[in-house]
Structure formats: C-alpha cells, structure tokens
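Chemist: Mind having a look at this structure? Questions to follow.
The values are calculated or read from the model by the stated rules, or taken from the named source; none is laboratory data. As the structure is a computational prediction, the values presented were derived from the model and not from experiment. Cβ: placed from backbone, ideal geometry, glycine included. Neighbour counts: every protein chain shown.
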Amino acid sequence: MGLGQILARAKQRLNRNLNIGHSPSAFGFEDIRPIGNSQGSSIANKAGRIVLRARHKGQTVKIYEAFSPEHAQFILAVSAKLPDLFPRVLEVRDAWIVTEWIEGQRLAEDIGYHQIKVLRRIHGVAVEGLPPAGFCYIKDFILPRCRRAMSLAATQEKIDFRCLEIDNGATCTTVMHPDISPNNLVRTPEGEIKCIDNELLCFGSAPLLDFCNAVRNMPKDQRDEAAKKWLSVSSTTSQMIENTAKLWILREAGAAFTKGDFTHSSRMIADLERCAERWLPFPAHMARGSE
C-alpha cells in the first residue's frame, strides 16, 4: 500500500471519528455531528465558529455558534421578523443558537432572481426594536482576515481608519446578510425558499456589498445579468460604489491571502487607492448608470 493510500484511509477514519455524539445526551443533545469544512478535529463555518447537527427533543436540529451572546439575540430577533424565510430558532444558549433542521433541494434555476429577492426582503426589515447586532461584518470578519495581508504590505496603520470611514456604526441602518450564496438557499418539499445559513447577519450601511457576496461565484454573464436587475431598482451613488469597491478589495484580498494566493492578494491591495472599482464582480459603469 502506497503512502497516498495510507493517508487517504487515515483521513477517512478521522472523518468518521469526528462524531462527538458517542454518549447519549451529550450537552443535552443526542447524535451530535459536525457539519461544514473539516478543520483538524472540529468543524467550523467560514467565520471560524462551530456548526453542528444533532437530535434534540425528538427532532433534528442545527446548532451553531454566533459571534457573541448579543449576536445570538440579534439573529433570534431578525429570524422572528422573517419566519417564512429563516429556520425557526428553538433555543439560545449564550452565543449558541439551536434551530430547526431544514430539508430541501438546492435551487437549480433562477438562482440570481431568488438571491436578489431574498436580499431585498432582508434589507427591508425594519430596524426599530431590534437589539444591538453584537457583530459587524466589516470590523469582525473582513478586517481580521485581511489584517495579516495588509500588514505584510506595510499598510496596517490604514486599516481601522478606512473601515471606520466606510461603515461608521452610527449610520448602520440596514439589516445585512453577507452570505446569500446559492448553497445557502434551498427549496423545501412544500415549495418554500429558505435561507439556511444566517451566521453573518448584522447591521450595516453597504447593501451593495451583500449583493457582491451573493454573486461572486457566478459565471460572468450571470453576474452581469443579476447586477442589471439589482441596480435597476436600487439607488446607487458614486460614493457607495467607491466604498463598496474598497470593502470588496479588503474582503477578497484577505480571502486570497488565507488561501496562499499572495500574488493576487498583493495586487488587490496595491489597487486599493488607485482603481479599486475594477475588482468589483460586475462592471462599475452599470452602477454609475443607475445614479
């Protein structure tokens, strides 16, 4: 048996052992199983927090870790405002959220249409009465991921100032969801469209950034078509485009750096002040035409 086969079998055994629910009622749950991407002996979502599947009180549930206890309460409050879109929250324990497990099929057609429709509903949620978010996508997610890349590029001292300038917490008046990817929308057997991954819900003032996240992995022609639909009914100013482009560079440069694509990351950072808009996932002139 070659070394490659030995390593492959070892990985299979490790994956089988990643079920931490061997004993009944562990942590009050049964049959706890990690889901997501393997990170050593734990399973974490893209925000670096744990996501699990389990049985609880006779039903299958999803358990995930919010950024903070305050963030968990914010997700609970927003979920209650969109009960037909988000999984029902069954329990909150500190920063842990227990929701119903949603069975459904990934969307096979009109994906861009459904992404835009879902985002508009989320952005339209009235913020009055919602608790503090306890999480900021820019300061708590984008910034930490790109900090190492920026510091290596000798621009570390600019990061905090730029993010504060682009998205001042005092002006964050929109409920945002930076992760409406095709994988996170499913159609239930009853025909409902559900958003099953809400770990990044927060307040913000850059709804166009949510759109960029939603369409980033689409083929170019589909991205452009979705952009036309989004911008045709959106009020987009030059300042919003510029701010979103800079945030997008911070987001993508950090992602490239953590994947080891240092050349791509450094090129994006170099363009932060020069021509940030060229990195947007759709032509900037489309957005300018909507002014």
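Chemist: Are there any pairs, at least 6 apart or on different chains, whose C-beta atoms fall under 6 Å, with the first in segment 104-117 and over 17 Å from Pro189 (Cβ atoms) and the second assigned to a helix (DSSP H, G or I) and among the small types (Gly, Ala, Ser), and if so, which?
Modeler: Pairs found: Gly112/Ala226; Gln115/Ala214.
Chemist: I would also like to ask the following. Just wondering, is there one or more residues in segment 222-244 that are more than 30 Å from Val92 (Cβ to Cβ), of a type outside the set (Val, Ile, Thr), within 18 Å of the chain's Cα centre (by Cα) and not in a helix (DSSP H, G or I)?
Modeler: No, because not a single residue in segment 222-244 is more than 30 Å from Val92 (Cβ to Cβ), of a type outside the set (Val, Ile, Thr), within 18 Å of the chain's Cα centre (by Cα) and not in a helix (DSSP H, G or I).
Chemist: For segment 210-262, what are the residues that are farther than 13 Å from Trp279 by Cα, surrounded by 13 or more Cβ atoms within 10 Å (Cβ to Cβ) and of a type in the set (Asp, Glu)?
Modeler: Across segment 210-262, the qualifying residues are Asp210, Asp224, Glu225, Asp261.
Chemist: So the check is Cβ under 7 Å with 6+ separation or different chains; which pairs have a first residue in segment 265-280 that's buried (at least 19 other Cβ atoms within 10 Å of the Cβ) and a second one that's hydroxyl-bearing (Ser, Thr, Tyr) and not in a helix (DSSP H, G or I)?
Modeler: Ile269/Thr155
Chemist: Does segment 112-127 hold any residues that are among the small types (Gly, Ala, Ser) and either buried (at least 18 other Cβ atoms within 10 Å of the Cβ) or on the phi > 0 side of the Ramachandran plot (or both), and which are they?
Modeler: Matches in segment 112-127: Gly112 only.
Chemist: Only residues in segment 219-238 that are within 13 Å of Ala284 (Cα to Cα) count as the first member; pair them with residues that are assigned to a loop (DSSP other than H, G, I, E, B) and charged (D, E, K, R), Cβ under 7 angstrom, at least 6 apart or cross-chain, and list the lot.
Modeler: Partner pairs satisfying both residue conditions: Thr236/Glu291; Thr237/Glu291; Ser238/Glu291.
Chemist: Tell me which residues, restricted to segment 31-57, are farther than 24 Å from Arg251 by Cβ and either modelled with pLDDT under 65 or touching a His at 6+ places or on another chain (Cβ under 7 Å) (or both).
Modeler: Once the filter is applied, which keeps residues that are farther than 24 Å from Arg251 by Cβ and either modelled with pLDDT under 65 or touching a His at 6+ places or on another chain (Cβ under 7 Å) (or both), segment 31-57 yields Gly40, Ser41, Ser42.
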